[in-house]
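**Q** Below are the C-alpha cells for one structure; questions will follow.
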C-alpha cells in the first residue's frame, strides 16, 4: 500500500506527458475545422461605446472582407497588437472589435485612451458569444469574407509580420472574390 | 572567426558533458577514484568552454557582426551598447545558451566546492549534472544553434523588440535562469541520493544552501519582472497570471516548500522522501516553464520561438529527466529509512503544514495554466482562465498560509504546547488585533477585506521581528552579546518573513484604494487628481537614439511637494513598433502613474493612476530575497563549511 504512494508521482507524470504530447501535435493557432468556410453563428452583443449600436453577425455583410478582433483591456498581448490595428485602420482595413469578458466601461476606456481602430464594437461581458465561435483566449483575430463566412483564425497578437505574410495577402485575395 | 570558435567550444563542451555523464557514475559504482576525478575535471572544463562560447556570442552582438544570423535578427547599430549586449539573451537561441552557461557554472561549482562531500556522492551528483548538460547542449547545437552564419551579411540588423529594451529586462532573464537552473543542483543531489539509496546529514547540509542559492535570484527575478510589467506595459498592473509568469511562480512556490522541508531534514532527519520528491518536482517545473514558453502549447507575450520540433526535443528531455527520476523514486525511495518522529504541534509539524499549503498553491496555478489544454483534450471546448479563477482559488489558500507563517518559527522542534505558543505571539497578536479594530469601521464589505489585509501585514511584520525581540529581551543583561551572537540564519528568516508582510501590505493597499482617471488635456490644462494638481506643461516630439517619441511633461503639486513627470509614446521605426513610457512618481505612500495615449481633437488623452502603497510589493520581494542572502551567508549554512551541530532535538525556541 505504501509502495503505491511512491509510484503515484511517476504515473501522474506519465499522464501529463501524454497530454503534453497530444497537445504538441495540435496547432494552438488552428481553428476547429468546423468553422472554416462556414458563416459566423448568429449573435448580437451589447454596445461597447456608450450611445453606439452593438455588434452582430449581420454587420459582416459589408461587401468587403472584415477582420474581427477579439480583445480585452486586461490582456497583455492586446497592448502589443493595438498599434498594429491602429495602423491597419488608417490604411483602410475594415475591423470590427469584440471586447471579451469584461465590463463595457473598461473596454470603452481602453479605446478612449489608446485610440479606436474599430468600425463596430461589441461587448461580450460573459464571454458566451466568443466561446460560440471558438475563442480560446485574447487576442484573436478572425478573417471574415464578403459572404460573412469565417476564412481564417489568428490566435495571439497580430504582428506586422503576421500581417505581411498571411493575413494581409488573404484579405487581398478575398477582396477579389465575388 | 569568433563565431566558429564559439561553435567549436560548444561542441567540445558537449563531448565533455558526455564524458561527465559516464565516467563519474561508473567510477562511483566501481569505487574507482580516477574515474571520479575525471568527472570533476570534465565539469570544470565544460564550465570554461561554455563560458567561452557565451563570450564569443556576446562579442558578436556588441560589435554588430551581422554575418551571424542571430545577431542580424536581434541587433541594430543604433541600439545602445547595453542593449546590444543584453540582446545576447534576448532571443530563443541566446537565452538557451545562457541557460546552458548557468548549468555549466553550477556544475563547475559542485566540482570546485564539493571537496568536503563524500567522494561517491559528489561523483554521482556530477554524473547526473553531466546528463542534463549533454541534453541541453544537444538541444542547443541540434535545434537552436546560435552561431549560424548568414551570407551575404546584411548591412543592418533587425532591432530587438523595443519592449525588451529596458534596464529591468536586462537583468530579468539571467536572474530567473539562475533560479531555474539552480534547482538542478538539488535535483542532481536527489537523484544521486536515490542511486545511493541513502540520505545522510551531509546530504541535507549540502542541498539547503544550493536551494537557497537558487531561491534568492529567482525571488529577485520574479520581483523585477513584475516591476518591469508595471512600468513598461503602460497600464499599471503588477501581476497578470500570464502563463509565462505562472511558469516562474510554480518553481518558486515549490522551491520555497523545498527550502523549508530541507530544513527539517537537516535538523531532524525527517521528511526524507518528501524532500527528495520536492527536489525532483521543483526542477521539473522549471523545465516545464522552459517547455511552455518554447513549445507553442500555450500562447503568450513572452513566447519567442514557437517551433514544434523544439517542443518535441524539450518534451523528450522532460520525459527523460523527470520520468526516469520519478521512476527511480518509486523504486528506491521506499527503501530509504524514514526519519525521526515528531508531534503534530512542533516546528516539523508547522513546516509540514507550510509544505501542504505551498504544494496546494502550486497545484492551483498549475491547473489554471494547463486546464485549457486538458479541457480541450477531453471535450474539444476551448476555454480561457483569467484573473477571476485565481481570485477564487489562489487567494483563499494564500491568506491562511500568511496567517500561519508567524507561528512556524515560534514553535519548538519535536513537540510544543499550544498555550506556550500563543503566549509567545501574544504581543504581535494584540497589535494586529488593534490594527483590525481601527481599520474595520471604514468602508463596507471591501473595508473588511482591507482591514484584514492590513492586520495580516502588521501580524506578519511584527510577528517576524518579534523573534529577534524575544531573543534579545531574554539576553538583555548582555544585549550587545545577544545581538552579536544571533545567527545570521535567524536574521535572514526574520527578514524574509517580514518581506512577505511588506508584500502583503502593498497588495492590500493597491487592491483597496487605487483610483484612476482618463481625460483629454491640452498644453496648459490642469487637473485635480488624488489630492494633487497636475498641469500639462509641454507636449513635443523628441528624437531618441533609435526611436521617435511624443513626450508630455507634467508639473505636479501635491502634499509631498512639487515635481515634474514625463511620459512618452515611443515609435521604433526599424522594429515598426510602439511602446509607452509611463511617468511614475514613486513614493512610500503611493505612486502617481501618468501615461499619454493617442492624440484627439481635444488634445491628447492622458490616463492617471494613483497606486497607494504599491511600491511595497517590490520592496517586499527584494527584502525576501535579501533575507535569503543573509541566511546563505550564515556560517552554519554556507557551502562546505565545517558544521557545529546542535544536539538534535534541543528545544531552541524562536529560531
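Taken together, the values in this text are just the output of simple stated rules run on the coordinates, not laboratory data. Quick caveat: nothing in here was measured; it's all calculated off a predicted structure. Virtual Cβ from ideal backbone geometry, glycine too; neighbours counted across all protein chains shown.
**Q** So how tilted is helix A:104-114 from the main axis of chain A? Cα-based, degrees 0 to 90, rounded to 10.
**A** Roughly 70 degrees, rounded to the nearest 10.
**Q** I need to check one value: relative contact order of chain A, counting alpha carbon pairs closer than 8 Å and at least 6 residues apart, in percent.
**A** 29
**Q** Still on this structure, please answer the following. Could you line up B:112, B:187 from fewest to most neighbouring Cβ atoms inside 10 Å?
**A** Starting with the residue having the fewest Cβ neighbours, the order is B:112, B:187.
**Q** Now for a separate question. Using a 10 Å cut-off on Cβ atoms, rank the peptides B:332-345, B:191-204 from the highest mean neighbour count down.
**A** B:191-204, B:332-345
**Q** So, one more: Nearest 500 deg cm²/dmol is fine: what mean residue ellipticity at 222 nm does the protein assembly as shown get from its DSSP H runs of n ≥ 4 alone, each adding -39,500 (n - 2.57), divided by its residue count?
**A** About -19000 deg cm²/dmol.
**Q** Once each part is reduced to its C-alpha centroid, what is the distance from region B:444-485 to region B:409-436 in angstrom?
**A** Measuring centre to centre over Cα atoms gives 11 Å.
**Q** Take the Cβ-Cβ distance between residue B:472 and residue B:340 as r, set R0 to 30 Å, and report the resulting FRET efficiency rounded to the nearest 0.05.
**A** Taking R0 as 30 Å, the efficiency between residue B:472 and residue B:340 is 0.45.
**Q** Once you keep just the Cα pairs under 8 angstrom separated by 6 or more residues, what percentage relative contact order results for chain B?
**A** It comes to 12 percent, rounded to a whole number.
**Q** OK, next. Taking Cα atoms, how many degrees apart are the long axis of helix A:76-90 and the longest axis of chain A, rounded to 10 and kept between 0 and 90?
**A** 20
**Q** Let me have the relative contact order for region B:515-612, percent, based on Cα pairs under 8 Å that are six or more residues apart. Please list the in-between numbers first.
**A** Values: 228 pairs, mean separation 25.3, N = 98.
Computed over region B:515-612, the figure is 26 percent.
**Q** Calculate, for residue B:533 and residue B:399, the FRET efficiency according to 1/(1 + (r/R0)^6) with r their C-beta to C-beta distance and R0 51 Å; round to the nearest 0.05.
**A** 0.85
**Q** From other protein chains only, count the Cβ atoms within 10 Å of every residue's Cβ in A:3-14, then give the mean. Write down the numbers at each step before the final one.
**A** Numbers: counts 4, 1, 4, 10, 7, 3, 11, 10, 3, 1, 10, 5.
Going residue by residue through A:3-14 and averaging, the value is 6.
**Q** Going by alpha carbons, how many degrees (0 to 90, nearest 10) lie between the helix axis of A:2-25 and the longest principal axis of chain A?
**A** 30
**Q** For B:273, B:17, B:151, B:631, which order do you get if you count the other beta carbons within 10 Å of each Cβ and list the fewest first?
**A** B:151, B:273, B:631, B:17
**Q** Also: In whole Å, what is the distance between the alpha-carbon centres of region B:79-142 and region B:348-370?
**A** 29
**Q** While we're here: With each label point set 7 Å from Cα along the Cα-Cβ vector, what nm distance links residue A:87 and residue B:145?
**A** Placing both labels 7 Å beyond Cα along the Cβ direction yields 3.3 nm.
**Q** Rounded to whole Å, give me the distance from the Cα center of region A:55-86 to that of region B:513-559.
**A** If you average the Cα positions of each part, the centres end up 29 Å apart.
**Q** Within 10 Å of each Cβ of B:318-331, how many other protein chain Cβ atoms are there on average? Mind showing how you got there, number by number?
**A** Working: counts 4, 5, 0, 0, 6, 4, 1, 3, 9, 6, 1, 4, 9, 4.
Per-residue shielding by partner chains comes out at 4.
**Q** Let me ask something additional. Within 10 Å of each Cβ of A:110-120, how many other protein chain Cβ atoms are there on average?
**A** 4
**Q** Follow-up. With a/c under 1.5 counting as rounded, go ahead and sort chain B into rounded, prolate or oblate using the C-alpha gyration tensor (a ≥ b ≥ c being the square roots of the eigenvalues; past the cut-off, prolate if a/b is larger than b/c, else oblate).
**A** Oblate, since a/c reaches 1.5 and b/c is not below a/b.
**Q** For the residues B:136, B:357, A:133, what sequence is obtained by ranking on other C-beta atoms within 10 Å, fewest first?
**A** The fewest-first ordering by Cβ neighbours comes to B:357, A:133, B:136.
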